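Q: Quick one: the structure is below, questions incoming.
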Amino acid sequence: MQSITRREFVKRTAVAGAMLTSIPAILEACSSGTPTSNKPSKLTIAAVQGAEDGPLKKVAPMYQSQTGITMEIVEFPYDQLFEKLVTTFQANGSSYDLCMMDDPWMPKFGTMGALQTLDSNFGFTRDSDIPSIVYDVGTWPPPRGPVPPSEQSKAQHLYGITIVGNVEMFMYRKDLASSAPASWDDVLANAQKFNKANFYGYVIRGKATNPASSDSLPILWSFGGDIFDTSWKVVLDSTASIDAITFLTQKLKKYAEPGAENTDAGDRDRLIAIGQAFQSTTWPAEVTGVVEAAGVSQVVGKMAYIPIPKGPSGKGLGMMGNWLLGIPKGSANGSAAADFIKWLVKTENMKTYVQNGGIPTRTSLLNDPTLGQANPYFPALAQSLAAQPNWRPRTDQWNAVETIYGTAVNQAVAGLKSPKDALTAAATQIRAAMKQAGYPS
């Protein structure tokens, strides 16, 4: 990603996210985005600038040549895209017919009533070749887990279709280890076994806010911990949660790289790619962009990719980071925009999308052996999606919550606070923030 990324964005937008409260119901009632059968001359897509929209830019001209509809993709850096979409939705603007959305934004946009429904308006149904969790993440209110108090009376509808099937996974040096780690205890044992001078047993992505949050949440969940329970009660200071962060920031840290509190994804990728680390969590774009990139990496073909290992809970839970396409309420070209989404997710078109660097959600493509040769993480991603990965809490307060939580984990990684003290303080702050936003205390 260019400019400010998802990893850095949360810290800067926590205050802004809290201030941007739900748009009044008048937006829902007065939308100009009624479906139309008229064929427009152009569709405009608001997209994130970087690896996520690169494949989309490559296949959109195919649709243009087949339909005669000009496809204009307007790119913004991560933080600017969020701000641009919020501003557009507040004004019920018609600038964009489609928008790319990071899945943690869905609670904000769903609460705002900012998107056109894809199921009731345009006939979208679930495809058995696409895991149900992929549709669930684009549904509002969320079909599982706690529902924000203001959203509990709303009917569920599909508002977004995933086009970037991100799930956080695990990678390790298969040329050194005889078997894959099945549990986090195995991860720790391997970290100790393979750690040596200038070769680190585990890489911690410990930079404050989003990086530390993203790196630690799969461990937190796999240990049976969480930030909230199913009633929005804060459980970050529970025994399971504290045990998880203690495991990461004290046990694994013994074998981690120096300065882990400043490490982000790019630093992790570099350590893995130059052959200076054994294992870590990873995202799909890191694999294809760096770790398995010919001419860039020294470990091409030496890494294995698996779902997140199991913890004391008996589960290994990856984290979703899907990018979705939705149709803003203000677009007057809803039907044509919906047709583009349907075209893009067709198997043959999605295969072309994958061949141009896209990350699919179709099980048949993820298990395609030919595609898997160029994308060695595909089998692990298929398994991760089938295992129902977790998503970040579905609340429009997530930016503020993640800033608090990710700061606390960073403090524990840096040794500034004990895991217990860091999480206890963070839990107190999150309770206050959620109570102020109208959630149960």
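The values are calculated or read from the model by the stated rules, or taken from the named source; none is laboratory data. Please read all numbers here as calculations on a predicted model, not as lab measurements. Quick reminder, even Gly has a Cβ in these numbers, built from the backbone with ideal geometry, and neighbours come from all protein chains shown. These area figures cover heavy atoms from the full protein model, side chains too; ligands, DNA and RNA do not enter into them. Shrake-Rupley method; radii C 1.70, N 1.55, O 1.52, S 1.80 Å.
Q: Given the condition under 30 Å from A400 (Cα atoms) and without any contact (Cβ under 8 Å) to a residue 60 or more places away in the chain, answer yes or no: does some residue in the stretch 88-104 qualify?
A: no
Q: Which ones in the stretch 121-147 are open to solvent by 20 Å² or more (accessible area, probe 1.4 Å) and in contact with a strand residue (DSSP E or B) (Cβ under 7 Å, 6 or more places away or on another chain)?
A: Result: F124, P146.
Q: Against the definition (open to solvent by 40 Å² or more (accessible area, probe 1.4 Å), assigned to a loop (DSSP other than H, G, I, E, B) and touching a residue at least 12 places away in the same chain (Cβ under 8 Å)), how does P258 come out, yes or no?
A: When the stated conditions are applied, P258 does not pass them.
Q: Cβ-Cβ under 9 Å, sequence separation 6+ or interchain: first residue in the stretch 269-284 and touching a residue at least 60 places away in the same chain (Cβ under 8 Å) and among the aromatic types (F, W, Y), partner open to solvent by less than 10 Å² (accessible area, probe 1.4 Å) and part of a strand (DSSP E or B). Which pairs?
A: Sorted first by the residue in the stretch 269-284, then by its partner, the pairs are F278/Y202; W283/V167; W283/M169.
Q: Then there's this: If I ask for residues that are touching a residue at least 60 places away in the same chain (Cβ under 8 Å), part of a loop (DSSP other than H, G, I, E, B), surrounded by fewer than 24 Cβ atoms within 10 Å (Cβ to Cβ) and among the aliphatic types (A, V, I, L, M), which ones from the stretch 285-316 would you list?
A: Of everything in the stretch 285-316, just one residue is touching a residue at least 60 places away in the same chain (Cβ under 8 Å), part of a loop (DSSP other than H, G, I, E, B), surrounded by fewer than 24 Cβ atoms within 10 Å (Cβ to Cβ) and among the aliphatic types (A, V, I, L, M), namely V299.
Q: Turning to a different aspect of this structure: Out of the stretch 55-85, which residues are within 13 Å of L325 (Cβ to Cβ), β-branched (V, I, T) and assigned to a strand (DSSP E or B)?
A: Selection gives I73 alone.
Q: Which residue pairs have Cβ atoms under 8 Å apart, sit 6 or more places apart or on different chains, and have a first residue in the stretch 180-206 that is at positive phi and of a type outside the set (V, I, T) and a second that is surrounded by fewer than 23 Cβ atoms within 10 Å (Cβ to Cβ) and modelled with pLDDT of 95 or more?
A: Close Cβ pairs satisfying both conditions: N198/Q276.
Q: Sticking with this one: Looking at G372, G330 in this structure, which one is in contact (Cβ under 8 Å) with a residue 40 or more places away in the chain, of a type outside the set (S, T, Y), out of contact with any strand residue (DSSP E or B) (no Cβ under 9 Å at 6 or more places or on another chain) and open to solvent by less than 30 Å² (accessible area, probe 1.4 Å)?
A: On inspection, the qualifying residue turns out to be G330.
Q: Further question: Consider T162 against the criteria (1) farther than 19 Å from F247 by Cα; (2) open to solvent by less than 10 Å² (accessible area, probe 1.4 Å); (3) in a loop (DSSP other than H, G, I, E, B): it satisfies all of them except one. Which criterion is unmet?
A: (3)
Q: Go through the stretch 185-198 and give me each residue that's in contact with a Phe, Trp or Tyr (Cβ under 8 Å, 6 or more places away or on another chain) and surrounded by fewer than 16 Cβ atoms within 10 Å (Cβ to Cβ).
A: Result: Q192, single match.
Q: Considering the stretch 377-401 alone, what residues qualify as being under 30 Å from E292 (Cα atoms), of a type in the set (F, W, Y) and either more than 13 Å from the chain's Cα centre (by Cα) or in a helix (DSSP H, G or I) (or both)?
A: Y377, F378 - these are the residues of the stretch 377-401 that are under 30 Å from E292 (Cα atoms), of a type in the set (F, W, Y) and either more than 13 Å from the chain's Cα centre (by Cα) or in a helix (DSSP H, G or I) (or both).
Q: Also, quick follow-up: Would you check if D229 is closer than 29 Å to Q436 by Cβ, of a type in the set (D, E) and more than 21 Å from the chain's Cα centre (by Cα)?
A: Here the answer is no, as D229 does not meet what is asked.
Q: Let me ask another. Just to check your reading of the model, which residue among N367, N410 is under 30 Å from A240 (Cβ atoms) and of a type outside the set (D, E)?
A: Checking each option against the conditions leaves just N410.
Q: Can you tell me which residues in the stretch 88-121 are hydroxyl-bearing (S, T, Y), in a helix (DSSP H, G or I) and more than 17 Å from F76 (Cα to Cα)?
A: Those that are hydroxyl-bearing (S, T, Y), in a helix (DSSP H, G or I) and more than 17 Å from F76 (Cα to Cα): T111, S120.
Q: Further, regarding this structure: Among the residues of the stretch 207-229, count how many are free of Cβ contacts under 8 Å to residues at least 40 places away in the same chain and either assigned to a strand (DSSP E or B) or not aliphatic (A, V, I, L, M) (or both).
A: Of the residues in that region, 2 qualify.
Q: Could you list, in sequence order, all residues of the stretch 348-369 that are open to solvent by less than 30 Å² (accessible area, probe 1.4 Å) and farther than 19 Å from A51 by Cβ?
A: Across the stretch 348-369, the qualifying residues are N349, R362.
Q: Assuming Y63 fulfils every condition listed in (1) touching a helix residue (DSSP H, G or I) at 6+ places or on another chain (Cβ under 6 Å); (2) more than 24 Å from K351 (Cβ to Cβ); (3) aromatic (F, W, Y); (4) open to solvent by less than 20 Å² (accessible area, probe 1.4 Å) apart from one, which condition is it?
A: Here Y63 meets the rest and fails (2).
Q: Exactly one condition in (1) over 20 Å from the mean Cα position of the chain (by Cα); (2) modelled with pLDDT of 95 or more; (3) over 24 Å from V137 (Cα atoms) is not met by A374; state its number.
A: (2)
Q: Still on this model: The conditions are (1) open to solvent by 30 Å² or more (accessible area, probe 1.4 Å); (2) under 30 Å from A437 (Cα atoms); (3) in contact (Cβ under 8 Å) with a residue 24 or more places away in the chain, and E151 fails exactly one of them. Which is it?
A: For E151, the exception is condition (1).
Q: Next question. Could you check the stretch 167-184 and list, in sequence order, the residues that are part of a strand (DSSP E or B), aliphatic (A, V, I, L, M) and either over 14 Å from E292 (Cα atoms) or open to solvent by 10 Å² or more (accessible area, probe 1.4 Å) (or both)?
A: Passing the criteria: V167, M169.
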